């Protein structure tokens with residue numbers, strides 16, 4: 001006979017995973033709206049952010065409800081980690097909305113003639129997020145730890161894109177507004193990667209009971 | 001103060017000096033247990049338990065039913081002496097002195113190590129005041145002024161004075177359950193022990209009474225070492241400094257309460273603490 | 001009849017039968033009281049309680065020596081039997097090892113069943129013969145021997161009723177064991193022990209056969225305990241088998257007094273145990 005509490009913990013996990021897939025979809029859709037200059041899609045992404053806000057409230061509610069049952073040890077860590085993850089996912093949604101807004105504005109303007117690999121950056125960030133959530137599902141501490149160094153790559157890409165766009169703006173003052181929009185998109189993607197890193201750190205805490213937040217990345221070899 | 005019987009009066013008259021807070025760390029450990037094994041007839045109940053209990057701390061003993069927690073507790077004040085089939089092997093030292101040495105008298109050990117039981121048991125034929133002082137009177141202390149003084153002192157420490165000071169002559173059994181248990185605590189404290197053992201002291205009480213007892217224990221911690229057996233893990237988490245987890249007669253894990261309840265080292269501890277046992 | 005009615009009938013029938021049987025039990029008591037009161041009340045007067053028996057053939061006189069004698073014998077029996085019985089009960093309850101206690105209890109139960117006349121003969125051989133005469137001592141001793149196993153068992157049972165929690169609490173306070181037993185456990189069980197003693201005394205108050213061989217009876221005052229002494233049951237017996245009407249009436253009066261004594265003891269036991277609520281710890 002299954003432990004009643006386990007069922008509720010499971011419900012918490014399922015909610016989180018549902019929330020995660022919504023967040024991933026939002027980012028994907030926002031990037032697609034940007035690439036395909038799809039005005040309507042951009043608006044839809046913005047509207048759907050509401051869902052993620054609701055999810056965050058639901059997850060937190062359920063978590064508080066579970067905390068009142070005084071869970072201990074790994075159960076306790078699971079509940080607190082779930083609350084943190086939901087917060088991170090909600091912020092990812094907010095970043096997706098930001099990207100969608102830029103996509104919306106850019107779709108009304110003539111297309112920009114500059115090659116910046118925002119798609120690759122988005123792919124990286126989304127992969128990080130997916131890996132972090134997978135490691136949560138499988139309680140795989142090593143997989144979570146592996147996500148963290150990837151943030152550096154994303155940061156590097158962000159810098160590169162900024163430099164490229166800065167050069168373009170210097171050479172084409174007419175394109176400044178559009179370039180600024182893209183800089184904002186790049187920043188949002190960099191933030192999404194940060195949130196994925198946060199999720200990974202929370203998973204390490206869940207599995208190892210070790211708080212590795214704010215540890216310099218150089219010290220983060222395997223435990 | 002040693003365990004060989006000196007004049008009972010001398011021992012019990014000596015005023016305890018309240019221990020300064022920093023002294024807790026400097027005192028020798030209250031209990032040093034080495035390889036304690038206890039069997040009743042053919043049945044082995046405790047298997048080679050070793051641990052150290054620091055002075056002026058609250059130590060919680062948790063574990064499923066039948067794991068030997070109460071047996072362990074009772075070994076600390078030689079209550080097993082009264083059970084003919086009990087065989088106690090190993091070393092139990094109270095502030096450095098061997099409790100089970102040949103020259104050590106169980107009666108003296110029990111005066112230094114008090115005990116409060118699960119079911120409150122104030123003596124029914126006696127008044128409240130008489131109950132508090134029974135440990136003194138039946139050990140030869142008759143001086144009325146000393147008895148009155150100790151009565152008030154003990155009742156204050158047990159957080160019961162305000163409630164009963166006007167009816168010290170009332171029958172002890174006229175008190176409520178929670179008050180009776182606090183009376184039993186006062187009775188144990190009046191003898192001025194160094195350690196107080198508690199075997200699930202609040203399990204028969206309602207939440208309000210339980211909370212009072214928990215607060216009381218946290219107050220007592222300043223001057224006394226407390227070892228408490230409890231089924232209630234939240235209670236252990238709230239009250240104790242260190243926790244010991246027993247299972248099937250073995251000490252599985254012992255450490256700071258905070259760690260035991262947020263990240264236990266042993267899987268069995270984790271399973272028990274999250275309720276996933278058996 | 002339907003099943004329902006049949007069931008109801010069985011219930012009611014059972015209740016009626018058990019009630020009738022209960023009444024049947026009380027019936028002899030009612031009869032005893034009725035007859036004794038009816039026949040004895042006439043002869044109960046001031047003289048009865050204050051005068052010695054008159055010589056054979058003369059009317060009047062009383063049973064004062066027998067009444068006092070009964071009390072004296074009960075007092076002696078208590079003096080000898082109560083400490084032995086109670087302390088024996090303490091041993092069984094508090095100290096006894098399992099095998100030893102089992103044997104002692106077994107033998108005590110056998111002793112409880114020994115016919116009292118046999119006790120009389122035994123004490124005759126053991127006390128009366130060496131003393132070369134009947135005496136109050138012998139009477140007290142025989143009654144004591146009857147009540148000891150009784151008091152021992154009832155004391156043991158009452159002490160066993162004291163919850164173990166009290167013993168443990170007392171010992172955990174560092175109180176020496178004998179003190180804990182006497183002043184904590186014993187004190188808690190005191191009323192029960194007293195009850196047991198009173199009931200045992202009420203039982204032997206009317207023993208006649210053993211006293212025939214030991215106290216023997218006395219038409220006058222016994223001037224020391226080494227002399228034969230009068231007792232109510234003895235006096236009732238000798239008056240009842242006599243040919244004199246006056247003595248018959250006095251026998252009934254004696255029976256009434258004896259009955260009242262026993263009833264009084266039982267009633268006071270009821271009163272004692274009613275006032276005390278054993279609040280479980």
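Couple of notes before you dig in:
- Hey, residue C:87 within 14 Å of chain B (Cβ to nearest Cβ), within 17 Å of residue C:197 (Cβ to Cβ), out of contact with any strand residue (DSSP E or B) (no Cβ under 9 Å at 6 or more places or on another chain) and surrounded by fewer than 16 Cβ atoms within 10 Å (Cβ to Cβ) or not: no
- Within segment C:1-46, the set of residues being part of a helix (DSSP H, G or I) and touching a helix residue (DSSP H, G or I) at 6+ places or on another chain (Cβ under 9 Å) comprises C:32, C:33, C:35, C:36, C:37, C:38, C:39, C:40.
For (1) more than 14 Å from chain C (Cβ to nearest Cβ); (2) surrounded by fewer than 21 Cβ atoms within 10 Å (Cβ to Cβ); (3) touching a residue at least 40 places away in the same chain (Cβ under 8 Å); (4) within 14 Å of residue B:235 (Cβ to Cβ), each residue gets a yes or a no:
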residue	(1), (2), (3), (4)
B:165	yes, yes, no, no
B:176	no, yes, no, no
B:180	no, no, yes, no
B:192	no, no, yes, no
B:198	no, no, yes, yes
B:206	yes, yes, no, yes
B:214	yes, yes, no, yes
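- Residue among B:219, B:253 that alone is surrounded by fewer than 24 Cβ atoms within 10 Å (Cβ to Cβ) and within 14 Å of chain A (Cβ to nearest Cβ): B:253
- No other residue among A:100, A:25, A:68 is within 14 Å of chain B (Cβ to nearest Cβ) and either under 15 Å from the mean Cα position of the chain (by Cα) or more than 20 Å from residue A:129 (Cα to Cα) (or both) apart from A:68.
- Output for segment B:92-125, where each listed residue is touching a strand residue (DSSP E or B) at 6+ places or on another chain (Cβ under 8 Å), within 11 Å of chain C (Cβ to nearest Cβ) and outside any strand (DSSP E or B): B:109, B:112, B:117, B:118, B:124
- The helices (runs of 4 or more DSSP H) found entirely in segment C:165-244 that carry 1 or more residues being within 14 Å of chain B (Cβ to nearest Cβ) are C:187-204.
- Among the residues making up segment C:128-157, those that are more than 24 Å from residue C:72 (Cα to Cα) and surrounded by fewer than 23 Cβ atoms within 10 Å (Cβ to Cβ) are C:153, C:157.
- Residue under evaluation residue B:260, criteria (1) farther than 26 Å from residue C:173 by Cα; (2) buried (at least 23 other Cβ atoms within 10 Å of the Cβ); (3) within 11 Å of chain A (Cβ to nearest Cβ); (4) in contact (Cβ under 8 Å) with a residue 40 or more places away in the chain, criterion not met: (4)
- Residue check: residue A:36 meets all listed conditions (1) more than 18 Å from residue A:197 (Cα to Cα); (2) surrounded by 15 or more Cβ atoms within 10 Å (Cβ to Cβ) but one, namely (2).
- Residue within segment B:265-276 that is surrounded by fewer than 21 Cβ atoms within 10 Å (Cβ to Cβ) and more than 14 Å from every other protein chain (Cβ to nearest Cβ) present: no
- Of residues in segment A:1-22 being surrounded by 13 or more Cβ atoms within 10 Å (Cβ to Cβ) and within 14 Å of chain B (Cβ to nearest Cβ), the one nearest to residue A:118 (Cα to Cα): A:9
- If you filter segment B:75-91 down to residues that are buried (at least 20 other Cβ atoms within 10 Å of the Cβ) and under 16 Å from residue B:30 (Cβ atoms), you find that the one that is farthest from the other protein chains (Cβ to nearest Cβ) is B:75.
Readers should treat all values here as calculations from the given coordinates under stated rules, not as data from a laboratory. Everything numeric in this text was worked out from a predicted model, so none of it was measured. All Cβ positions, glycine included, derive from the backbone under ideal geometry; neighbour counts span all protein chains shown.
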